[in-house]
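What follows is a short report on a single structure.
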Amino acid sequence: MNLIPDVEVHRPKSLEEALKHMEAPGAKPLAGGTDLIIDLREGACEARNLVDLTKVKELDYIREFGGRIRIGAMTHHTDLVASDLIRTKAQVLSEAANLVGSIQIRNLGTVGGNICNASPGADTATPLLALGAEATISSSGGVRVIPLGEFFAGPKRTSLNPGELLTELSFPTPPAGSGGAFQKLGRRKGCTLSLINIAAYVELDGDTCSEVRVAVGACAPTPVRITDVEEMLKGKKIDEAVIGEVSSACYGLVQPSQRAHSRASEEYRREMSCVLMRRALTTALERARGNK
């Protein structure tokens, strides 16, 4: 087993203190550590200072405020699964969080860590994109808020600048007549990496789709929304025929990355994107209609 290189560990108890430590040379935040510790052991990343955020309680929350659902970056996956607010208002996110790794990983891992790891197949990224999430980024110099899609800069890369922390993820509170669903394909049912995952979110005005967002993971360098699919659905009455047409179109719209071909071929992932899209849209539509 490789040992972690010598690093200085800081254990702040407040966000203000944490942001000061993040100004140190080579500083990296430590949340659940389920990815970072492995990367340090394998030499996949370097750090001279680790800022342990486990005692920064002001980053651990789930609440509804100002017409938005707000989730602190240190919120554990198990807390997302257990939250009545998430389960009733944003079931697509609850479903995804329940499929992250093993129960041990879900107990340790945080939503902020999952997003900052920036894996193309991150399970919480696609539902948050489908929900229209924004990322709140803090530093000693201030706070900025960006659409979550702009947070990802490439495989395992983010738009965070030195000294910055992801502190919150938020999205508009889904209204009545909305529904979402998450679909994941791995080599097995539990404790598996995504070969592909898809999240769909729809809002209905009567029988018409007034809003729709669809995101796919593990089929591009970063988790992304498929805007072509959204344009095919918005403003239409969605039935099985429309879902079938849209799902089939996914074959040519997704772009599986070369990096992930060791786990599944491009052809297989394209084919399965059509299957998962149909399932996600069908379930999201049923939930928007109050049937599931």
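With the structure loaded, tell me whether Gly43 is surrounded by 13 or more Cβ atoms within 10 Å (Cβ to Cβ), on the phi > 0 side of the Ramachandran plot and out of contact with any Pro (no Cβ under 7 Å at 6 or more places or on another chain) or whether it fails that test. Give the derivation first.
Values: surrounded by 13 or more Cβ atoms within 10 Å (Cβ to Cβ): no; on the phi > 0 side of the Ramachandran plot: yes; out of contact with any Pro (no Cβ under 7 Å at 6 or more places or on another chain): yes.
No.
For every residue, the table says whether it meets (1) of a type in the set (A, V, I, L, M); (2) surrounded by fewer than 19 Cβ atoms within 10 Å (Cβ to Cβ); (3) touching a residue at least 12 places away in the same chain (Cβ under 8 Å); (4) outside the structural domain of Val254 (by TED's automatic domain parsing).
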{"position": "Arg63", "(1), (2), (3), (4)": "no, yes, yes, yes"}
{"position": "Arg87", "(1), (2), (3), (4)": "no, yes, no, yes"}
{"position": "Leu93", "(1), (2), (3), (4)": "yes, no, yes, yes"}
{"position": "Gln104", "(1), (2), (3), (4)": "no, yes, no, yes"}
{"position": "Leu129", "(1), (2), (3), (4)": "yes, no, yes, yes"}
{"position": "Ile146", "(1), (2), (3), (4)": "yes, yes, yes, yes"}
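Determine whether Gly112 is closer than 23 Å to Leu276 by Cβ, outside any strand (DSSP E or B) and modelled with pLDDT of 95 or more.
So Gly112 fails the test.
Go over the candidates Leu129, Leu160, Leu99 one by one and state the one that is outside any helix (DSSP H, G or I) and touching a Lys or Arg at 6+ places or on another chain (Cβ under 7 Å).
Leu99 is the lone residue from the list that is outside any helix (DSSP H, G or I) and touching a Lys or Arg at 6+ places or on another chain (Cβ under 7 Å).
Answer yes or no: is there a residue in region 234-242 that is in contact with a Cys (Cβ under 6 Å, 6 or more places away or on another chain), surrounded by 14 or more Cβ atoms within 10 Å (Cβ to Cβ) and among the β-branched types (Val, Ile, Thr).
yes
What number of residues within region 1-49 are closer than 28 Å to Ser102 by Cβ and part of a loop (DSSP other than H, G, I, E, B)?
17
Any chance region 225-242 includes a residue that's among the aliphatic types (A, V, I, L, M), closer than 18 Å to Ala97 by Cα and in contact with a helix residue (DSSP H, G or I) (Cβ under 9 Å, 6 or more places away or on another chain)? Steps first, please.
Pass one, region 225-242, residues among the aliphatic types (A, V, I, L, M): 226, 229, 232-233, 238, 241-242.
Now restrict to residues that are closer than 18 Å to Ala97 by Cα: none.
Taking every residue of region 225-242 in turn, none turns out to be among the aliphatic types (A, V, I, L, M), closer than 18 Å to Ala97 by Cα and in contact with a helix residue (DSSP H, G or I) (Cβ under 9 Å, 6 or more places away or on another chain).
I'd like to check something: does region 116-134 contain any residue that is over 30 Å from Ser210 (Cα atoms), among the small types (Gly, Ala, Ser) and at pLDDT below 95? First the steps, then the outcome.
First, pick out the residues of region 116-134 that are over 30 Å from Ser210 (Cα atoms): 116-119.
Add one more test, that the residue is among the small types (Gly, Ala, Ser), and what stays is 118-119.
Next, from what is left, pick out any that are at pLDDT below 95: 118-119.
Looking through region 116-134, at least one residue is over 30 Å from Ser210 (Cα atoms), among the small types (Gly, Ala, Ser) and at pLDDT below 95.
Listed here are the residues, each with its yes/no results for (1) modelled with pLDDT of 95 or more; (2) surrounded by fewer than 18 Cβ atoms within 10 Å (Cβ to Cβ); (3) touching a strand residue (DSSP E or B) at 6+ places or on another chain (Cβ under 7 Å).
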| site | (1), (2), (3) |
| --- | --- |
| Val214 | yes, no, yes |
| Glu231 | yes, yes, no |
| Glu267 | no, yes, no |
| Leu285 | yes, no, yes |
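Which residue, of Leu169, Leu204, Leu195, is more than 28 Å from Phe65 (Cα to Cα) and crowded, with 20+ Cβ neighbours inside 10 Å?
That would be Leu195, the only listed residue that is more than 28 Å from Phe65 (Cα to Cα) and crowded, with 20+ Cβ neighbours inside 10 Å.
Does Asp35 satisfy the criteria of being surrounded by 13 or more Cβ atoms within 10 Å (Cβ to Cβ) and either more than 15 Å from Met74 (Cβ to Cβ) or not aromatic (Phe, Trp, Tyr) (or both)?
yes
Every residue, every condition in (1) at positive phi; (2) touching a residue at least 12 places away in the same chain (Cβ under 8 Å); (3) out of contact with any helix residue (DSSP H, G or I) (no Cβ under 7 Å at 6 or more places or on another chain); (4) of a type in the set (Ser, Thr, Tyr), yes or no:
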position: Leu108; (1), (2), (3), (4): no, yes, yes, no
position: Ser138; (1), (2), (3), (4): no, yes, no, yes
position: Leu185; (1), (2), (3), (4): no, yes, no, no
position: Leu193; (1), (2), (3), (4): no, yes, yes, no
position: Gly206; (1), (2), (3), (4): yes, no, yes, no
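Test each condition in (1) at pLDDT below 95; (2) assigned to a strand (DSSP E or B) for Gly190 and report the one that comes out false.
The number of the failed condition is (2).
The values are calculated or read from the model by the stated rules, or taken from the named source; none is laboratory data. Small disclaimer: the values here were computed from a predicted structure and weren't measured. Backbone-built Cβ (ideal geometry, glycine too); neighbour counts: all protein chains shown.
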